[in-house]
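Report on the following structure.
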Amino acid sequence: MLQVEEFCCPTCKGVLSFQESEYACSACSKKYPVILGIPDFRVFPDPYIDFEDDHKKAGHLAEQYHKLDFMGLVRLYWKMTPEVSEDRAERFIRRTAALVEKGAECLSLIESLAETEKLRGFNRVLEIGCGTGGFLVAAKRKYDHVVGADIAFRWLVVARKRLEELKMNVPLVCCCAEYLPFPGTRFDIILAEDVLEHVRSQESTLAECRRVMTKQGMLFLATPNRFSLTPEPHVRVWGVGFLPRRWMNGYVKLVKGISYENIKVLSFMELRRLLNKCLFTNHRILLPSISCEEAQYFSPFQRMQLAIYNVAKQIPVLRLILYVVGPYFNVVVFSSRK
Ligand SMILES: C[S@@+](CC[C@H](N)C(=O)[O-])C[C@H]1O[C@@H](n2cnc3c(N)ncnc32)[C@H](O)[C@@H]1O
Ligand SMILES: [Zn+2]
């Protein structure tokens, strides 16, 4: 657990005190409980589940915590979530198992990008939207001070199991990306992978990243492309991004019977506009490499698409086209406050 002075009030950024398993802000009188050993600093709930049900679900997972191993707990989670179809859940489970390797690859990329800016001496890492904590494991193998944050309280119980099995001490914090409970200039590396498209406010999220990033720090984002020619990756429906935003939810409901209400995927131009608006003057939008680790879970057709993508990435004119209709973006932002 982090010391009380390593937190601040997520709402007013005032100083907190800690008493009887809750944090209290004397400036705005707000209180934040610690439940199952995890501080809950949320200002609003996960859009998919209210505070109470999230805590309840976390409680059910905690009851089985010592009887199951990490993957057992992940399977239990999806069993407790019947609204997600079995084959979708199976896809999520497979992805969860591969996240540590993916995290290690992502960290190598981050480090090589930092090297190009001659940024060294990183030690403090924050992952926003850490989910089941795969990246946290990879980060903890290399850095002393790693913190995982997520709005989904229940997922943090699962992430803790993954970390505990590996005897890793990584503080987990339940909070909103738009209201981080950390004082300013704290983290050298901030990572949010597949998160930007899920948050309530993309602008506030980036403003908070900027606030907590150190002067030599960097932010790394991974996010899908709205105009990708491949199916929308969350719902696997073709063409969603080409519709006006107000039609997207209705279209996905019609085709797949699931909601698309809380997802906002950006195009290259929308992403660039957002970064500029948030005063991230020193940023780069990159075309990611898809890892072999991930590719092994692809269908033969997807592997063929990946091979075409990898070739196209090497050819300048095709690279430009991939910025318009490629599947994914990586974004790296360097703090410009040297
Ligand atoms: C698609 S998952 C990605 C999880 C993980 N980063 C990965 O790559 O596997 C998105 C994560 O972002 C979290 N999230 C969504 N909105 C959030 C918000 N406003 N603040 C913090 N976390 C949020 C979700 O709970 C979820 O764990
Ligand atoms: Zn406060």
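The values are calculated or read from the model by the stated rules, or taken from the named source; none is laboratory data. Here the structure is a predicted model, which is why all the values come from computation and not from measurement. All Cβ positions, even for glycine, are placed from backbone atoms using ideal geometry, and neighbour counts span all protein chains on display. The area values use the complete protein model at the heavy-atom level, side chains included, leaving out ligands, DNA and RNA. Shrake-Rupley method; radii C 1.70, N 1.55, O 1.52, S 1.80 Å.
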Region 42-77 - residue that is open to solvent by less than 40 Å² (accessible area, probe 1.4 Å) and among the charged types (D, E, K, R) and, of those, nearest to residue 173 (Cα to Cα): 42
Residue ID - nearest to residue 112 (Cα to Cα), chosen from residues in region 177-216 that are among the basic types (Lys, Arg) and away from ligand 2 (no atom under 16 Å from the Cβ): 215
Looking only at region 207-233, and only at residues there that are free of Cβ contacts under 8 Å to residues at least 40 places away in the same chain and closer than 16 Å to residue 10 by Cβ, the one that is least open to solvent (accessible area, probe 1.4 Å): 208
The lone exception for residue 24 - which of (1) more than 16 Å from ligand 2 (Cβ to nearest atom); (2) in contact with a strand residue (DSSP E or B) (Cβ under 8 Å, 6 or more places away or on another chain); (3) among the hydrophobic types (A, V, I, L, M, F, W, C) it fails: (1)
Some residue of region 198-206 being more than 14 Å from the chain's Cα centre (by Cα) and surrounded by 15 or more Cβ atoms within 10 Å (Cβ to Cβ): yes
Every pair of residues 6+ apart whose Cβ atoms lie under 6 Å, when the first sits in region 109-125 and is open to solvent by 60 Å² or more (accessible area, probe 1.4 Å) while the second is hydrophobic (A, V, I, L, M, F, W, C): 124/187
Any hit, region 253-261, residues being of a type in the set (Phe, Trp, Tyr), away from ligand 2 (no atom under 16 Å from the Cβ) and in contact (Cβ under 8 Å) with a residue 24 or more places away in the chain: yes
Considering residues of region 1-34 that are closer than 23 Å to residue 146 by Cβ and in a strand (DSSP E or B) only, the residue nearest to ligand 1 (Cβ to nearest atom): 32
Total residues in region 247-281, condition open to solvent by 50 Å² or more (accessible area, probe 1.4 Å), in a loop (DSSP other than H, G, I, E, B), among the β-branched types (Val, Ile, Thr) and out of contact with any Ser or Thr (no Cβ under 9 Å at 6 or more places or on another chain): 0
Residues of region 286-307 satisfying the condition of being modelled with pLDDT of 75 or more and not in a loop (DSSP other than H, G, I, E, B): 286, 300, 301, 302, 303, 304, 305, 306, 307
One residue from 100, 74 being within 14 Å of ligand 1 (Cβ to nearest atom), more than 15 Å from the chain's Cα centre (by Cα) and either part of a helix (DSSP H, G or I) or free of Cβ contacts under 8 Å to residues at least 12 places away in the same chain (or both): 74
Subset of region 1-21 [open to solvent by 50 Å² or more (accessible area, probe 1.4 Å), under 16 Å from residue 182 (Cα atoms) and of a type outside the set (Ser, Thr, Tyr)]: 1, 3, 5, 12, 13, 15, 18
All positions within region 155-186 that are open to solvent by 20 Å² or more (accessible area, probe 1.4 Å) and either more than 17 Å from residue 37 (Cβ to Cβ) or among the acidic types (Asp, Glu) (or both): 164, 165, 166, 179, 183, 184, 185, 186
Test: residue in region 35-54 that is more than 16 Å from ligand 2 (Cβ to nearest atom) and assigned to a strand (DSSP E or B): yes
Complete set of residues in region 230-246 that are part of a loop (DSSP other than H, G, I, E, B) and of a type in the set (Gly, Ala, Ser): 239
Condition met for residue 316 (at pLDDT 90 or above, surrounded by fewer than 12 Cβ atoms within 10 Å (Cβ to Cβ) and farther than 25 Å from residue 213 by Cβ): yes
